[in-house]
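> Please see the structure below; I have some questions.
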Amino acid sequence: MTRTAVVLFTRDLRGHDHPALAAARRDCARVVPLFVLDDRLLAVSTRRTGLLLSRLAQLREAIGLVVVQGDPVEQVARFEPDGVYVSEDVSAYARRRERRLRERFALRTLPGITVVPPGELAPAGRGCYRVFTPYWRVWRAHPLPAEVSSGPRLPEPEAPLSALLHLGIASPAEVARGADEDLLRKLCWRDFFAQLLAAEPELEWRDMHAGRRMWRDDPEAVAAWKEGRTGVPFVDAAMRQLLAEGYMPNRQRMVASSYLTKDLGVDWRIGAAHFREHLVDGDVSSNSGNWQWVAGTGADTRPNRRFNPKRQARLHDPDGAYVRRWVAEPASLSAARIHDPAPAECRELGYAHAVVPAANAK
């Protein structure tokens, strides 16, 4: 039996249904659960950092998690482990960390970040699926992972179901085991983007299909979009919610992303960086994958798809309650007018009228 093992916690902040922790406890006489804070983690969304620190405190109390700050490899080395266990992840940062750990220690990677491990499902002759529907078919038929006995179940904090998954507070496999078809499909999208980034890590910032779009340089339009003052109420409400709460619903994300890329003609990478900075659930693979999907440079087989913000608003906010909650200027308008205020109404209300979109963004 291995004498001492370090379980390096990353985006798997739970005590239960934790394959790396369960394997270490089965194989080793002494297990050190360790989390290493670094400047990259602390520099992102303040709300995400707050949720992270709260969860670390819970794990410190429940399983004796050791929390330190510094370089992950050097901090692991302090314990002189005979083996290191870590949940497999897909970002460029996580893979560099894994390579460095493997150079110095006997490293074992286990599932825990996704439902189905990246690379487990692949089409014949290719490293990954680049279209969602074929992936969904094989993913849906694949047996779900069995629950593993690892440690105590801790109470989950108040946060969106996606932030809990992003930090691994909720077990993706456990969520899948109790999910309906709609939620399973969302979990599959999450796995789809993870396996895609694992196979092609440059897709974090590179177009999957280069040359589909010509982008405009328009700092004024970008600033208006980021601050929620485009004059399109549904888009502005979404962007103001993002700044206030570090979150917005999935439909609003698609509409706001489509408006930036398809209406304003602005490079999706600018929007993706803004989302990463503010979202409490800012997952690398899902963020980049979804932005490329909306922009038409990624996995979407309909690259010219556009979400009309006024039509989407009428469908998903018919009485204007969502807009009224986040955008004070047009709140007095009727449900019939609030999603499409006239220029004169905007001026009277002190509400910035729509930023002029790109006429020929392609």
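> Compute the FRET efficiency between ARG206 and GLU245 as 1/(1 + (r/R0)^6), taking r as their Cβ-Cβ distance and R0 = 51 Å, and round to the nearest 0.05. List each step's numbers first, then the result.
Working: r = 30 Å, r/R0 = 0.60.
Computed FRET efficiency for ARG206 and GLU245: 0.95.
> Here's another thing I want to ask about it. Return the whole-Å distance between the Cα centroid of the stretch 131-147 and the Cα centroid of the stretch 11-77.
Using only Cα atoms, the two centres lie 29 Å from each other.
> Counting only heavy atoms of protein chains, what accessible area per residue, in Å², does the chain have with a probe of 1.4 Å?
Numbers: 16080 Å² over 362 residues.
Counting only protein heavy atoms, the per-residue value for the chain is 44 Å².
> If I take R0 = 22 Å and measure r between the Cβ atoms of HIS142 and TYR93 in this structure, what FRET efficiency does the formula 1/(1 + (r/R0)^6) give, to the nearest 0.05?
0.20
> While we're on this one: Enumerate the amide H contacts of VAL31 below 5 Å, restricted to partners 5 or more residues apart or on another chain; note that Pro and chain-start residues carry no placed amide H.
Amide H neighbours of VAL31: ALA5.
> Can you give the net charge of the other residues whose Cβ lies under 14 Å from the Cβ of ARG325, counting K and R as +1 and D and E as -1?
Once all neighbours under 14 Å are counted, the net charge is -3.
> Also, quick follow-up: How large is ³J(HN,Hα) for each residue in the stretch 194-211, as worked out from phi by the Karplus curve 6.51 cos²θ - 1.76 cosθ + 1.60 (θ = phi - 60°), to whole Hz, x for Gly and Pro?
5, 5, 5, 5, 4, 7, 9, x, 5, 5, 4, 9, 9, 4, 5, 10, 5, x
> 7 Å from Cα along Cα→Cβ at both GLU80 and ASP319: what's the point-to-point distance in nm?
About 6.8 nm, to one decimal.
> Okay, next question. Report, in deg cm²/dmol and to the nearest 500, the calculated mean residue ellipticity at 222 nm for the chain, where each DSSP H run with n ≥ 4 adds -39500 (n - 2.57) and the sum is divided by the residue count.
Working: 17 runs with 166 residues, N = 362.
Computed mean residue ellipticity for the chain: -13500 deg cm²/dmol.
> Follow-up question, since we're still on this one. Mind giving me the nanometre distance, one decimal, between the label points for ALA29 and ARG216, set 7 Å out from Cα along Cα→Cβ?
The two pseudo-label positions are separated by 6.9 nm.
> I'd like the carbon and sulfur percentage of the solvent accessible area for the chain, probe radius 1.4 Å, heavy atoms only, ligands and nucleic acids excluded.
51
> Where nothing but the Cβ of Lys and Arg (+1) and of Asp and Glu (-1) is charged, how large is the charge dipole of the stretch 30-183 around its Cα centre, in debye to the nearest 20? Intermediate results must be reported in sequence, preceding the final value.
Numbers: 21 positive and 19 negative charges, 96 e Å.
Value, rounded to 20: 460 debye.
> Under a point-charge model restricted to the Cβ atoms of Lys and Arg (+1) and Asp and Glu (-1), what is the dipole moment magnitude of the chain relative to its Cα centre, in debye to the nearest 20?
Approximately 620 debye in magnitude.
> How much FRET efficiency would the formula 1/(1 + (r/R0)^6) give for GLU181 and ARG311, where r is the Cβ-Cβ distance and R0 is 41 Å, rounded to 0.05? Provide the component values of the computation, followed by the final result.
Values: r = 26 Å, r/R0 = 0.63.
Result of the calculation: an efficiency of 0.95.
> Right, here's the next one. With the Cα gyration tensor of the stretch 1-117 giving a ≥ b ≥ c as the square roots of its eigenvalues, does the rule (a/c under 1.5 for rounded; else a/b larger than b/c for prolate; else oblate) give rounded, prolate or oblate?
Since a/c stays below 1.5, the shape of the stretch 1-117 is classed as rounded.
The values are calculated or read from the model by the stated rules, or taken from the named source; none is laboratory data. These figures come from a predicted structure and were not determined experimentally. Backbone-built Cβ (ideal geometry, glycine too); neighbour counts: all protein chains shown. Ligands, DNA and RNA are excluded from the accessible area calculation, which covers all protein heavy atoms including side chains. Shrake-Rupley method; radii C 1.70, N 1.55, O 1.52, S 1.80 Å.
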